[in-house]
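Below: one structure, written as structure tokens.
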Amino acid sequence: MLKQQQNEPVLEVRNLQTHFFTDEGVSKAVNGVDFVLHKGETLGLVGESGSGKSITSLSILQLIASPPGRIVGGEVLFKGKDLVKATDKDMRAIRGNQISVIFQEPMTSLNPVYTVGEQIAEVLRLHQNLGRKEAWAKAVDMLRLVGIPSPEKRAKQEPFQLSGGMRQRVMIAIAMACNPEVLIADEPTTALDVTIQAQILELMKELQQQLGMSIMIITHDLGVVSETCDRVAVMYAGKIVEQLSADQLFTDAKHPYTQGLINSLPRLDQEQEELQAIQGHVPSPYQMPAGCAFAPRCPHAGDICHTAMPELLQHDTDHEVRCWIYTPEWQGNDSTMMKAGNAS
Amino acid sequence: MTVFIIRRLLQTIPVLLGVILVVFIIMQFVPGDPAVLLAGDGATAETVARIRHQLGLDQPVLVQYVQYVGHVLQGDLGISIRSQLPVMKEIMTRLPITIELAIASIFITIILGMLAGIISATKQYSASDFSIMILALLGVSLPSFCLGLMLMYFFSVKMHLFPVTGWGTWKHMVLPAITLGASGAAIVARMTRSSMLDVIRQDYIRTAKAKGLKPNIIVYKHALKNALIPVITVVGLQFGILLGGTVLVESVFAINGLGRLIVEAIRMRDLPVVQGGVLVASIIFVLVNLGVDILYRSFNKRISLD
């Protein structure tokens, strides 16, 4: 199945650069991001807060607040068409219709003064030219599809009458209403409690199987990744540092940052006194280090790491990594690194 | 909703009783004896005493109050000392003019204020934003009698576009309505701007954009309805200020409305007319507030019924 997916990329992001021009300087929030989303697959975009995950997703839909933000370079190819160059009108026809997004905050992402039914029906009337009654009927169907009990009654309620989990289901119903080809889920479960998280992820998986769309999940939760994703792209300081299959993530991560993320998870199978955190902080997007952005925090960094940024190199089939250690140029003192990476 | 409206209506009863009490007490403290004024210069003490007795002013204050409330409840506001006509009749001939003026003014306040506020917010820091905010500052700062005289001078005396004084046609209405509505429009513009700026940064506006909606729909459907919630309150308060403002504006433009009636009555110590006028104005204000509450709730259903 994976091979078949490889042939049909739906969304290709190439060297995407989104910068914010503020009084304090230029913030390079997204600084050359590349990834491919194939038909029917689920890609996880993982990273710490401030790594540029959400900005990447907003950039795909051209939803960056401008000013201060601007896409300064790169391409976002959706079925071969570059969205960066698309007109506002073309973008409006794509948003909510072919590419939908679910945001992190279900409590505030719905308009408080309209019923949830109206908010779902609106997108149907806009993109599918349905009449008022048809759109309402389909909105009720969508609520039923996302598992909301007594949808006829719920459709007439305002968001404040619904719980957080219910509201996120409504957001999913809005996103799914027009049967999009790509669903971007920006931390869809972060604001929800654990039992609801599992339900929402399960719902997204079910709908993906029924409707056959591609999903990009943005998260900092590696548990969510392992549960839902086919592939994972790890982001650090505005760049993808590693891409691999979700199965490999916990066994075969190569980049020191990815390894650090995995090692910082609490383990149930070992006795741990303390969690192993990654030392230091994400660099300020206003002042990126000269070489690899992770070098100042990397336990293995050599001289070259502080002077030049490595390329994202093919490490294996379906596995790319951006780290000097895995290049022929590496002359570092740390030949144990590769073994350590394989072992962990 | 019906329960809410009935409950709010019942709540207005004690408010109105309180209003009657306050108006009555204030009139007790106004210096000058209406009986003396009515009797005229050189009247004998007996004449004054007789008039005082006729008006019931020789009774204890409490008795006067109970009698007054009783009459008010029957729609009887007394007899004007000056014209000897029923106060109710005097007020009813003047009230429609003031209501026309107030409605025209509140219309200017709402339409002009909101439009300016929306333009300001959607084009923040642009030239139009700055000009609107400077105009709004002027509108808030300029006293209405000053603005009224300036408008009258330029548009009526110099340019002959509108009549200088009086009431009757829509042309008579333009300048007084602008004079009365200007400061409210300025306040509403500033309020709408800040409220809109707050709302357009909300997550649900981002959701609306992500749905693929047009910018106009996002602003006028998704943002405005939320932004109007605090603005409605301000408009309600403005209506009260506006009722007070009619007194000045009607005097400047020589309009025979309720405001001018009250001013004349105060000058003449025509107590029943002053009491009646203030009472009617208060009732209107209470009713407008009731309307605002109902409107407020229909915009924002999160407000509980209690």
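The values are calculated or read from the model by the stated rules, or taken from the named source; none is laboratory data. The structure displayed is predicted, hence computed values, not measured ones. Ideal geometry is used to build each Cβ from the backbone, glycine not excepted, and the neighbour counts take in all protein chains shown.
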With respect to B:I119, determine if the residue is within 18 Å of B:G236 (Cα to Cα) and not polar (S, T, N, Q).
no
Would you confirm whether or not the range A:4-15 contains a residue that is under 14 Å from the mean Cα position of the chain (by Cα), closer than 21 Å to A:Q209 by Cβ and either part of a strand (DSSP E or B) or not β-branched (V, I, T) (or both)?
yes
Would you say A:V30 is assigned to a strand (DSSP E or B), among the aliphatic types (A, V, I, L, M), out of contact with any Asp or Glu (no Cβ under 6 Å at 6 or more places or on another chain) and crowded, with 20+ Cβ neighbours inside 10 Å?
yes
Quick test of your reading of the structure: A:Q128 fulfils all but one of (1) farther than 26 Å from A:Q197 by Cα; (2) surrounded by fewer than 20 Cβ atoms within 10 Å (Cβ to Cβ); (3) within 8 Å of chain B (Cβ to nearest Cβ). Name the failing condition by number.
(3)
Those residues of the range A:285-304 which are at pLDDT below 85 and in contact with a Gly (Cβ under 6 Å, 6 or more places away or on another chain) amount to A:Y286, A:G302
May I ask you to list the residues in the range A:115-173 that are free of Cβ contacts under 8 Å to residues at least 24 places away in the same chain and at positive phi?
A:N129, A:S150
What residue, of A:V140, A:V182, is buried (at least 20 other Cβ atoms within 10 Å of the Cβ) and either in contact with a Ser or Thr (Cβ under 9 Å, 6 or more places away or on another chain) or at pLDDT below 90 (or both)?
A:V182
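Filter the range B:195-206 for residues that are without any contact (Cβ under 8 Å) to a residue 24 or more places away in the chain and more than 13 Å from chain A (Cβ to nearest Cβ) and give the result. Write out each step before concluding.
Within the range B:195-206, the subset without any contact (Cβ under 8 Å) to a residue 24 or more places away in the chain is B:201, B:203-206.
Of everything in the range B:195-206, nothing turns out to be without any contact (Cβ under 8 Å) to a residue 24 or more places away in the chain and more than 13 Å from chain A (Cβ to nearest Cβ).
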Quick check, is A:T190 touching a residue at least 60 places away in the same chain (Cβ under 8 Å) and surrounded by fewer than 19 Cβ atoms within 10 Å (Cβ to Cβ)?
yes
Return the pair list, or none, for Cβ contacts closer than 7 Å from residues in the range A:70-97 that are within 14 Å of chain B (Cβ to nearest Cβ) to residues that are charged (D, E, K, R), at least 6 apart or on different chains.
A:R92/B:K214; A:R95/B:K211; A:G96/B:K211
Please go through the range B:227-271 and give me each residue that is in a loop (DSSP other than H, G, I, E, B) and under 30 Å from B:A35 (Cβ atoms), ordered by number.
B:N256, B:G257, B:M268, B:R269, B:D270
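Take A:Q62 and decide whether it is part of a loop (DSSP other than H, G, I, E, B) and modelled with pLDDT of 85 or more. I'd like the intermediate steps shown before the answer.
Details: part of a loop (DSSP other than H, G, I, E, B): yes; modelled with pLDDT of 85 or more: yes.
Judged against the criteria, A:Q62 is a match.
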Picked from the range B:228-242 (must be touching a residue at least 60 places away in the same chain (Cβ under 8 Å) and within 14 Å of chain A (Cβ to nearest Cβ)), the residue surrounded by the fewest Cβ atoms within 10 Å (Cβ to Cβ) is B:I229
When you scan the range B:207-225, do you find a residue that is surrounded by fewer than 21 Cβ atoms within 10 Å (Cβ to Cβ), within 14 Å of chain A (Cβ to nearest Cβ), in contact with a Phe, Trp or Tyr (Cβ under 8 Å, 6 or more places away or on another chain) and in contact (Cβ under 8 Å) with a residue 12 or more places away in the chain, even just one?
yes
Filter the helices (runs of 4 or more DSSP H) completely within the range A:209-279 down to those with at least 1 residues that are surrounded by fewer than 21 Cβ atoms within 10 Å (Cβ to Cβ) and among the hydroxyl-bearing types (S, T, Y).
A:222-228, A:246-252
Take the conditions modelled with pLDDT of 85 or more, surrounded by 18 or more Cβ atoms within 10 Å (Cβ to Cβ) and within 13 Å of A:G238 (Cβ to Cβ) and apply them to A:L83. Does it pass?
no
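Filtering the range A:309-330 down to residues that are of a type in the set (A, V, I, L, M) and in a loop (DSSP other than H, G, I, E, B), which residue is nearest to the chain's Cα centre (by Cα)?
Initially, the range A:309-330 is screened for residues of a type in the set (A, V, I, L, M), giving A:309, A:312-313, A:321, A:325.
From the residues that got through so far, the ones that are in a loop (DSSP other than H, G, I, E, B) too are A:309, A:312.
On the way: A:M309: 23, A:L312: 19 Å.
Residue satisfying both the conditions and the ranking: A:L312.
Would it be correct to say that B:D198 is over 30 Å from A:N129 (Cα atoms) and surrounded by fewer than 20 Cβ atoms within 10 Å (Cβ to Cβ)? Steps first, answer last, please.
Working: over 30 Å from A:N129 (Cα atoms): yes; surrounded by fewer than 20 Cβ atoms within 10 Å (Cβ to Cβ): yes.
Yes.
Which count do you get for residues in the range A:264-295 that are farther than 29 Å from A:Q17 by Cβ and free of Cβ contacts under 8 Å to residues at least 40 places away in the same chain? Step through it out loud before you land on a result.
Going through the range A:264-295, the residues farther than 29 Å from A:Q17 by Cβ turn out to be A:265-277.
Within this subset, residues satisfying the condition of being free of Cβ contacts under 8 Å to residues at least 40 places away in the same chain are A:266-277.
Selection size over the range A:264-295: 12.
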If you go through the range A:33-59 one residue at a time, how many are out of contact with any Phe, Trp or Tyr (no Cβ under 7 Å at 6 or more places or on another chain) and not in a strand (DSSP E or B)?
14
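Residues to consider are A:S59, A:S51; find the one that is buried (at least 20 other Cβ atoms within 10 Å of the Cβ), within 14 Å of chain B (Cβ to nearest Cβ) and hydroxyl-bearing (S, T, Y).
A:S59
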So B:G245 passes all but one of these: (1) away from every other protein chain (no Cβ under 14 Å); (2) within 30 Å of A:I94 (Cβ to Cβ); (3) among the small types (G, A, S). Which condition number does it fail?
(2)
Residues of the range A:245-299 being in contact with a Ser or Thr (Cβ under 8 Å, 6 or more places away or on another chain) and among the aromatic types (F, W, Y), which ones?
A:F250, A:Y286
For the range A:106-114, does any single residue satisfy the condition of being in contact (Cβ under 8 Å) with a residue 40 or more places away in the chain, facing chain B (nearest Cβ under 7 Å) and touching a His at 6+ places or on another chain (Cβ under 9 Å)?
yes
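Within the group A:M166, A:M171, A:M216, which residue is over 20 Å from A:L63 (Cβ atoms) and either modelled with pLDDT of 85 or more or within 12 Å of chain B (Cβ to nearest Cβ) (or both)? Working first, answer last.
Values: A:M171 fails: over 20 Å from A:L63 (Cβ atoms); A:M216 fails: over 20 Å from A:L63 (Cβ atoms).
Result of the check over A:M166, A:M171, A:M216: A:M166.
Per-residue answers, yes or no, for (1) facing another protein chain (nearest Cβ under 9 Å); (2) among the hydroxyl-bearing types (S, T, Y):
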{"site": "A:S100", "(1), (2)": "yes, yes"}
{"site": "A:E118", "(1), (2)": "no, no"}
{"site": "A:E122", "(1), (2)": "yes, no"}
{"site": "A:M142", "(1), (2)": "no, no"}
{"site": "A:L145", "(1), (2)": "no, no"}
